[in-house]
1. For region 118-130, what does the Karplus curve 6.51 cos²θ - 1.76 cosθ + 1.60, with θ = phi - 60°, yield as ³J(HN,Hα) per residue in whole Hz, taken in order and with x for Gly and Pro?
2. List the lysines whose Cα lies under 24 Å from the Cα of K111, skipping any in the same chain that are fewer than 8 positions away.
3. From the helices alone, meaning DSSP H stretches of at least four residues, give me the mean residue ellipticity at 222 nm for the chain, per-run term -39500 (n - 2.57), in deg cm²/dmol to the nearest 500.
4. Return one quarter of the surface area of the convex hull spanned by the alpha-carbon atoms of region 77-126, equal to its mean projected area, in nm².
5. Only sites in a loop by DSSP and with at most 14 other Cβ atoms within 10 Å count here; which trypsin sites (Lys or Arg not before Pro) in region 68-137 make the cut?
6. Determine the equivalent ellipsoid of the chain by diagonalising the alpha-carbon gyration tensor, then write out the semi-axes as square roots of 5 times the eigenvalues, largest first, rounded to whole Å.
7. With every protein chain left in place, what is the accessible area per residue of the chain in square angstrom, probe 1.4 Å?
8. Of L65, G31, A103, which is farthest along the charge dipole of the chain in the positive direction, counting Lys and Arg as +1 and Asp and Glu as -1 at C-beta?
Amino acid sequence: MIYLTRKAEFSSAHFYFNPLWTPDQNLAAFGKCANPNGHGHNYTLEVTVAGEVDPATGFVVDLKLLKDILEREVVSVYDHHHLNHEVPEFAATNPTTENIAVAIWTRLDGKIPNARLHRVRVYEMADLFADFYGETA
Ligand code: NI
């Protein structure tokens, strides 16, 4: 088994809000991040797949195909979009780094031929990232 990681980047706007809470509760929990006009981040995505090396090619997966899948399933949907307003999975779920990692897993799982999705890592900034391995607690 070998693990292969491909990176992609996207820039998106978001805000954090719990509709069950008062404005003061939202402000207390989320601070400036509760501003519904949103703010932006330059996200970095790392997708790690696990599989066996094909002796004919030396590859686990077709790298161009993996890049195209990330582009189609994630980057084209998230990049230069407002996650809360324009991406369905965040209509009622805060687009935190944690939830973005889970959502990307859901978008990619089962779509990569000849390899198993191992880890989705999302950096919101250089010193903050979330990892998801597909476990549902
Ligand atoms: Ni933010």
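1. So the Karplus estimates, Gly and Pro as x, are 10, 8, 10, 10, 10, 9, 7, 8, 4, 10, 8, 8, 10 Hz.
2. The reachable lysines, counting only those whose Cα sits under 24 Å from K111, are K7, K64, K67.
3. Values: 4 runs with 32 residues, N = 137.
After summing the helix terms and dividing by the residues of the chain, the value is -6500 deg cm²/dmol.
4. Numbers: hull surface 16.3 nm².
That works out to 4.1 nm².
5. Working: sites: R72, R107, K111, R116, R119, R121; in loops: K111.
Answer by residue number: K111.
6. Numbers: eigenvalues 207, 38, 29 Å².
Taking √(5λ) for each eigenvalue gives 32, 14, 12 Å, largest first.
7. Working: 7960 Å² over 137 residues.
With the other protein chains kept in place, the chain gives 58 Å² per residue.
8. Sorting the options by dipole projection puts first L65.
The values are calculated or read from the model by the stated rules, or taken from the named source; none is laboratory data. Predicted, not measured: the structure shown is a model, and the values here were computed from it. Positions of Cβ are generated from backbone atoms using ideal geometry, with glycine treated the same way; all protein chains shown enter the neighbour counts. Remember, those area values only see protein heavy atoms, side chains included, never the ligands or the DNA or RNA. Shrake-Rupley method; radii C 1.70, N 1.55, O 1.52, S 1.80 Å.
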